[in-house]
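Enquirer: Following this message is one structure expressed as structure tokens.
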Amino acid sequence: MKPFDIPAEPRITEMAWPTRIVLGAGALQRLPAQAQRLNMKRPLLVTDAGVVKAGLASRVLEVLKTAGLECAVFDGVEPNPTEKDVFAGLEAYRHHKCDGLIALGGGSALDAGKLVQLLTTHEPPLSRYDDAKGGDQYVKDDLPPLIAIPTTAGTGSEVGRSGVVTLADTGRKTVIFSPALLPRAAIVDPELTVGLPPGVTAATGMDAFTHCLEAYLANGFHPLADAVAIDGIQRVSRSLVTAVREGKDLAARTDMMIAAMQGAMAFQKGLGACHALAHALTPISGVHHGLANAVVLPVVMEFNRASSTTRLARVAVAMGDTTNAREDVLASNAIDRVRKLNAAIGIPARLRDVGVKEEDLSRIADKAFLDASHLSNPCKVVEADLLAMAREAW
């Protein structure tokens, strides 16, 4: 019997996994050692107002101060970062004569930190580096060091090689991708997530889940990504409900932070139509990225079911299905289980329930079709398919 997923035609695939990760409760105390390892004398802390209000920024600054490290602060990152935020951060970096960056927060702050890092040595505009247009070829590795400290368990940006930003000239969420953007270190401390409200925990957790699932179904060839994606799906399935309902459960919080990293490691293989739609829903309808993914995901899974039966069956098993049913039944069970997981953590079932207007659906489909994420969907997607999925999710 032919091994599962070995390509029919011989080919060479390049794969990479670097980032130094300090994981565990209390890992924040190891931050000064990592800063010193990277020869940071005056880093810029890139974060947002919510993280500052929650007292997390002051905890980081205190740890650094105790170790004798000065740190400037830029806290102007918006919930969905724009090019304007990145240029403001760059101005702060230059004004304070910084020599490295520490990005603290959810995916928005971490992505903004990466793009400030990029512009310290690269010429604007950011659209020049758009991955969908081959912009990665212009990204060099002459960047100052960056340490990422996540305060949510969602994007996994702390181990990812991309930054997502809404560009001024297109109004579109754009992926800027390069191995050079990988943080030099990630401080992954579940204690920093215990104060997350249940709704944010749910939405960011489903973002991690969607990264793992879409990467696993994506049409690329990357067996390492597949392996961590399946493990991430299993971790979210067993721990997200607990993390939402019992926010101080450090075991569940740790599991979710691992799953978030696994999702970001896995999606170097590719994503799919769900992310294309989510990337359009955020700028047009203001829906949180993870929430948009969660609501749309079951519909996209249904769209992909015929072309992904074997993989969806494996997803069902990873989510806890022990029925030993036929593959087609297990594939349907996987979609059912995602819907039930959404319901268990309070995710609304329809886009209309999260403020999306019916008259915006055509515009959402149009913008989603311009997003490169759908190019690695397991079956080909045209704009009419995206509109049909958006309508069904609505």
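Enquirer: Between beta-carbons, use under 15 Å as the cut-off and find the net charge around residue 333, counting Lys and Arg +1, Asp and Glu -1.
Expert: +2
Enquirer: Would you please give the residues with an amide H less than 5 Å from that of residue 45, counting only those at least 5 places away or on a separate chain, with H modeled from the backbone geometry?
Expert: Long-range HN contacts for residue 45: 72, 73, 74, 102.
Enquirer: Another question about this same structure. In whole Hz and in residue order, list the ³J(HN,Hα) couplings for region 127-139 that follow from phi through the Karplus curve 6.51 cos²θ - 1.76 cosθ + 1.60, θ = phi - 60°; x for Gly and Pro.
Expert: Along region 127-139, the couplings run 4, 4, 9, 4, 4, 5, 10, x, x, 4, 5, 8, 8 Hz.
Enquirer: Is the C-alpha gyration tensor of region 14-107 telling us rounded, prolate or oblate? Criteria: a/c under 1.5 is rounded; beyond that, a/b larger than b/c is prolate, otherwise oblate.
Expert: Taking the square roots of the gyration eigenvalues as a ≥ b ≥ c, region 14-107 is rounded.
Enquirer: Let me check the size of region 51-171 from its C-alpha atoms; what are the radius of gyration and Dmax in Å?
Expert: When restricted to the Cα atoms of region 51-171, Rg and Dmax are 14.2, 45 Å.
Enquirer: Would you mind pulling out the separation of the Cα centroids of region 320-362 and region 180-208, in Å?
Expert: First find each Cα centre; the distance between them is then 23 Å.
Enquirer: How large is Rg over Rh for region 144-264, taking Rg from the Cα atoms and Rh as the Kirkwood inverse mean of 1/r across Cα pairs?
Expert: The Rg/Rh ratio comes out at 0.99.
Enquirer: With a/c under 1.5 counting as rounded, go ahead and sort region 350-394 into rounded, prolate or oblate using the C-alpha gyration tensor (a ≥ b ≥ c being the square roots of the eigenvalues; past the cut-off, prolate if a/b is larger than b/c, else oblate).
Expert: prolate
Enquirer: Further question on the same structure: Convert each backbone phi in region 305-319 into a coupling constant with the Karplus relation 6.51 cos²θ - 1.76 cosθ + 1.60 (shift: θ = phi - 60°), then list the ³J(HN,Hα) values in order as whole Hz, x for Gly and Pro.
Expert: Going residue by residue, I get 4, 5, 8, 9, 4, 5, 5, 5, 4, 5, 4, 4, 5, 4, 7 Hz, with x marking Gly and Pro.
Enquirer: Ok, one more. Whole-Å semi-axes of region 242-317's equivalent ellipsoid, largest first, each the root of 5 times a Cα gyration tensor eigenvalue?
Expert: 23, 19, 13
Enquirer: A follow-up question, please. Rolling a 1.4 angstrom probe over the protein heavy atoms, how many square angstrom per residue are accessible across region 216-255?
Expert: Ligands and nucleic acids excluded, the result is 42 Å² per residue.
Enquirer: From the backbone phi of region 201-209, what are the Karplus-calculated ³J(HN,Hα) couplings (6.51 cos²θ - 1.76 cosθ + 1.60, θ = phi - 60°) in whole Hz, Gly and Pro given as x?
Expert: 4, 5, 5, 5, x, 6, 5, 4, 4
Enquirer: If you don't mind, another one. Would you mind telling me the antiparallel percentage of the DSSP bridges in the chain, rounded to 5?
Expert: 25 percent
Enquirer: Let me ask something additional. Taking only protein heavy atoms into account and a 1.4 Å probe, give the accessible area per residue of region 120-167 in Å².
Expert: 35 Å²
Enquirer: While we're looking at this one, here's another question. What distance in nm separates the two pseudo spin-label positions at residue 138 and residue 221, each 7 Å out from Cα along the beta-carbon direction?
Expert: Distance between the two pseudo-spin positions: 3.2 nm.
Enquirer: Region 98-159: percent of C-alpha pairs farther apart than 16 Å?
Expert: 48 percent
Enquirer: What angle do you read, to the nearest 10 degrees and between 0 and 90, between the alpha-carbon axis of helix 107-119 and the longest principal axis of the chain?
Expert: 60 degrees
Enquirer: Which entry in [x] -0.38, -0.49; [y] -0.78, -0.86; [z] -0.48, -0.60 matches log10 I(q)/I(0) by the Debye sum over Cα atoms at q = 0.08, 0.09 Å⁻¹ derived from the coordinates of this structure?
Expert: Read-out taken from this structure: [x].
Enquirer: Return the Rg/Rh ratio of region 302-370 with Cα-based radii and a Kirkwood Rh.
Expert: For region 302-370, the value is 1.10.
Enquirer: While we're here: Taking amide H positions as placed in the peptide plane 1.01 Å from N, state which residues far from residue 174 in sequence (5 or more) or on other chains have amide H under 5 Å from it.
Expert: 165, 166, 167
Enquirer: Grab the DSSP H runs of the chain that are 4 residues or longer, score each as -39,500 (n - 2.57), total them, divide by all residues and round the 222 nm result to the nearest 500 deg cm²/dmol.
Expert: -15000 deg cm²/dmol
Enquirer: Which cross-chain or sequence-distant (5 or more) residues have an amide H under 5 Å from the amide H of residue 287, H modelled 1.01 Å from N in plane?
Expert: 282
Enquirer: Please give me the summed charge of the neighbours of residue 220: other residues whose Cβ is under 10 Å from its Cβ, Lys and Arg +1, Asp and Glu -1.
Expert: Surrounding charge for residue 220 is 0.
Enquirer: Below 15 angstrom from the Cβ of residue 344, what's the summed charge of the other residues (Lys, Arg +1; Asp, Glu -1)?
Expert: So the surrounding residues net to +3.
Enquirer: Please give the contour-minus-distance gain from residue 251 to residue 325: 0.36 nm per residue of separation, less the Cα-Cα distance, rounded to one decimal in nm.
Expert: 23.5 nm
Enquirer: Right, here's the next one. With every protein chain kept in the model, how would you rank 133, 114 by accessible area, 1.4 Å probe, largest at the top?
Expert: 133, 114
Enquirer: Under 18 Å Cα to Cα from residue 140, which lysines show up? Leave out anything in the same chain fewer than 8 places away.
Expert: Answer for residue 140, where 18 Å is the Cα cut-off: 114, listed by chain and number.
Enquirer: Then there's this: In the chain, carbon and sulfur make up what percent of the accessible area (probe 1.4 Å)?
Expert: Summing carbon and sulfur atoms, their accessible area is 53 percent of the total for the chain.
Enquirer: Can you give the accessible area per residue of region 266-394, in Å², using a 1.4 Å probe?
Expert: I get 41 Å² per residue for this part.
The values are calculated or read from the model by the stated rules, or taken from the named source; none is laboratory data. Bear in mind the structure is a predicted one, so any value in this text is a computation, not a measurement. Here the Cβ is made from the backbone with ideal geometry for all residues, glycine too, and neighbour counts use every protein chain on show. Heads up: the accessible areas ignore ligands, DNA and RNA and are worked out on the full protein's heavy atoms, side chains in. Shrake-Rupley method; radii C 1.70, N 1.55, O 1.52, S 1.80 Å.
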